[in-house]
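The values are calculated or read from the model by the stated rules, or taken from the named source; none is laboratory data. Remember, it's a predicted structure, so these values are computed and weren't measured experimentally. Here the Cβ positions follow ideal geometry from the backbone for every residue, glycine too, while neighbour counts run over all protein chains shown.
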Amino acid sequence: MKNLLYAILSGILFEIAWPTYGFPLFIFFALVPLLLAEFRIRNHAGSWKKLKVFALSYLSFFIWNLITTYWIYFSTPFGGVFAILANSLLMTLVFLLYHIVAKRTNFTAASAFLASIWMVFEKIHLNWDFSWPWLNLGNVFSEYISWVQWYEYTGTFGGSLWVLLVNIAVFKAILQFREYREKTIIYRSLVKISLFILLPIGISLILYYSNEEPREKLEVVILQPNINPYTEKYNTTDTRIGRLLLQLSKKAVTDSTSLVIAPETVFADGTQLSNFQNSEAVFFGRQIIRMNEGLNFLGGISMYDRFQDPDKVGKQSNQIGVRDWYDDYNSAFLIRNIADTSQLYHKSKLVVGVENFPYQSILKPILGDIMIDLGGTVAMKTTQDDREVLWLNNDLGTAPIICYESVYGEYVTGYVENGASFLSIITNDAWWGNTQGHRQHLSYARLRAVENRRYVARSANTGISAIINSRGDIVQSLGYEKQGSITGQIGIEEGRTFYVRYGDYIPRIAQFLALFIFLFSVVKYQRKRPS
């Protein structure tokens with residue numbers, strides 16, 4: 001019963017630490033009850049130890065996943081259930097690996113393995129077909145951005161490592177006190193753990209208040225049309241949407257405005273790629289930029305390329321009938337006044353199931369064409385390899401980050417590497433209703449601002465649209481389900497942070513450490529076994 005209560009307590013602590021409603025201090029103790037339960041099971045006589053650890057850890061992670069990401073269910077019941085159950089299982093398998101290694105090694109090695117293998121798991125979650133990094137531990141500080149200004153050096157993996165090390169330190173202090181029953185252990189541990197928490201926060205605050213505003217700025221207008229994706233978005237026309245965007249722009253654009261931004265797939269009729277230049281999207285984009293000299297328009301569009309040539313068929317192509325295929329694109333486009341040119345970027349970090357059928361060759365024979373709708377339109381999307389920068393002029397470029405892409409730290413650095421002076425996020429967050437989903441999505445964008453030291457201009461179809469400065473502060477915002485616009489200043493930043501240069505170097509180191517400790521524990525265990 002005590003182990004069961006420990007497991008439940010861990011799940012609750014994880015949940016009440018999470019943004020955007022929680023307080024992240026709880027995350028530093030969230031894993032401790034589960035570690036205590038595992039320790040009790042590992043060091044007491046009895047059978048089925050692995051099964052007990054599996055059951056208890058699954059309960060903890062299920063509580064965390066359920067309460068924190070329940071809102072996926074509002075998009076699709078099947079997708080919500082699958083995401084919560086599957087992600088809880090993956091976390092459980094990671095903890096079970098720790099249990100196996102902990103039985104065969106000492107405390108230091110087991111703790112190092114836990115920290116390393118958890119970060120390896122988080123890194124895998126950023127890159128494989130079932131990618132769902134929403135609950136990566138470093139994301140927990142997104143609402144307390146002044147605590148983690150050093151993410152410009154470490155990315156969110158620095159936060160994950162911080163969380164894991166403090167939990168391990170608290171766990172070790174409890175074990176030592178239980179063994180020796182000396183009050184001095186408590187006092188020393190309190191000082192040590194307090195410093196472990198407060199020192200990084202202190203360094204972060206120094207970085208936060210020493211960060212200087214960029215001298216060069218440009219005025220942007222961010223549009224929020226507030227089109228319901230279930231009842232309106234795909235039952236209207238690009239012409240009607242274009243007129244609405246034009247109307248909103250006329251109310252907000254000034255003589256100083258350099259860029260108007262509209263949300264993801266705001267033009268959703270499904271434009272033929274070859275006909276893009278003659279589309280309603282380009283037509284209304286050109287109407288908007290004629291409001292003043294030097295004005296640019298950035299928006300989202302749904303496009304497709306239909307063909308019958310088998311040589312053009314790729315892994316992400318969709319088949320219609322026997323001889324017809326099409327590539328489906330979720331794209332960003334920019335119209336600028338210079339020679340009336342337009343630029344395109346195709347979304348490349350895809351939502352699992354909706355835009356990307358994971359491991360299609362294996363799962364399609366089993367599941368058929370079923371999709372896990374986590375938000376967006378249901379089709380296999382076609383991506384591009386490079387992070388495309390859209391250029392307002394020959395020297396000023398922006399990152400056209402589309403929806404889910406903003407959750408990926410190292411991925412976003414690719415835009416900055418290619419010359420982006422600020423980040424533009426276009427998204428449609430209404431699929432989850434008025435829940436924590438769209439609030440968390442906005443909150444995570446603040447982490448990208450710090451990692452890259454770039455301003456963020458965020459246009460969300462139904463909200464929350466916002467301007468975020470390079471410290472991660474939300475400077476201006478327009479609330480959920482409000483139609484309107486934001487007119488504000490975006491700082492122009494140059495240079496590359498340490499994280500932009502070196503990316504996720506922490507999990508790359510962790511994978512070698514985890515492999516070494518695991519192999520060492522296996523070899524050591526084999527040698528100890530009686531022949």
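When you look at D395, is it assigned to a loop (DSSP other than H, G, I, E, B), at pLDDT 85 or above and either of a type outside the set (F, W, Y) or buried (at least 24 other Cβ atoms within 10 Å of the Cβ) (or both), yes or no?
Numbers: assigned to a loop (DSSP other than H, G, I, E, B): yes; at pLDDT 85 or above: yes; either of a type outside the set (F, W, Y) or buried (at least 24 other Cβ atoms within 10 Å of the Cβ) (or both): yes.
Answer is yes for this residue.
Is at least one residue of region 462-479 acidic (D, E) and under 17 Å from the mean Cα position of the chain (by Cα)? Write out each step before concluding.
Filtering region 462-479 down to residues acidic (D, E) leaves 473.
Keeping just the survivors that are under 17 Å from the mean Cα position of the chain (by Cα) gives none.
Looking for residues that are acidic (D, E) and under 17 Å from the mean Cα position of the chain (by Cα), one finds none in region 462-479, hence no.
Scanning region 181-192 for residues that are at negative phi and surrounded by fewer than 10 Cβ atoms within 10 Å (Cβ to Cβ) yields a total of 2. Quick check, is L447 part of a helix (DSSP H, G or I) and aliphatic (A, V, I, L, M)? Yes; evaluated as a whole, the condition is true for this residue.
Regarding L135, is this residue surrounded by fewer than 18 Cβ atoms within 10 Å (Cβ to Cβ), closer than 19 Å to S57 by Cα and modelled with pLDDT of 95 or more? Criteria not met by L135.
Quick one: which residue in V81, V32 is of a type in the set (V, I, T), at negative phi and modelled with pLDDT of 95 or more?
V32
What about E213, is it in contact (Cβ under 8 Å) with a residue 24 or more places away in the chain and in a loop (DSSP other than H, G, I, E, B)?
On the way: in contact (Cβ under 8 Å) with a residue 24 or more places away in the chain: yes; in a loop (DSSP other than H, G, I, E, B): yes.
Answer is yes for this residue.
When you look at N106, is it assigned by TED's automatic domain parsing to the domain that holds F157 and either under 20 Å from the mean Cα position of the chain (by Cα) or of a type in the set (A, V, I, L, M) (or both), yes or no? Against the criterion (assigned by TED's automatic domain parsing to the domain that holds F157 and either under 20 Å from the mean Cα position of the chain (by Cα) or of a type in the set (A, V, I, L, M) (or both)), N106 does not qualify. W325 meets each of the listed conditions (1) over 30 Å from L223 (Cβ atoms); (2) out of contact with any helix residue (DSSP H, G or I) (no Cβ under 8 Å at 6 or more places or on another chain); (3) surrounded by 14 or more Cβ atoms within 10 Å (Cβ to Cβ) apart from (2). R323 meets all of the listed conditions (1) under 32 Å from the mean Cα position of the chain (by Cα); (2) outside the structural domain of A399 (by TED's automatic domain parsing) but one, namely (1).
For E219, the requirement of being modelled with pLDDT of 95 or more, surrounded by fewer than 20 Cβ atoms within 10 Å (Cβ to Cβ) and touching a strand residue (DSSP E or B) at 6+ places or on another chain (Cβ under 7 Å) is met. Within region 422-444, the residues that satisfy the criterion of being crowded, with 24+ Cβ neighbours inside 10 Å, of a type outside the set (A, V, I, L, M, F, W, C) and not in a helix (DSSP H, G or I) are S424, T427, N428, D429.
For region 464-508, the set of residues classified as free of Cβ contacts under 8 Å to residues at least 24 places away in the same chain and buried (at least 21 other Cβ atoms within 10 Å of the Cβ) consists of I468 only. Within region 142-149, identify whether any single residue is closer than 17 Å to L25 by Cβ, crowded, with 20+ Cβ neighbours inside 10 Å, among the small types (G, A, S) and touching a Lys or Arg at 6+ places or on another chain (Cβ under 8 Å), and answer yes or no. Yes.
Take the conditions (1) modelled with pLDDT under 90; (2) more than 22 Å from I84 (Cβ to Cβ); L374 misses just one of them, which is (2). Here V407 does not qualify as surrounded by 20 or more Cβ atoms within 10 Å (Cβ to Cβ) and in contact with a Lys or Arg (Cβ under 7 Å, 6 or more places away or on another chain).
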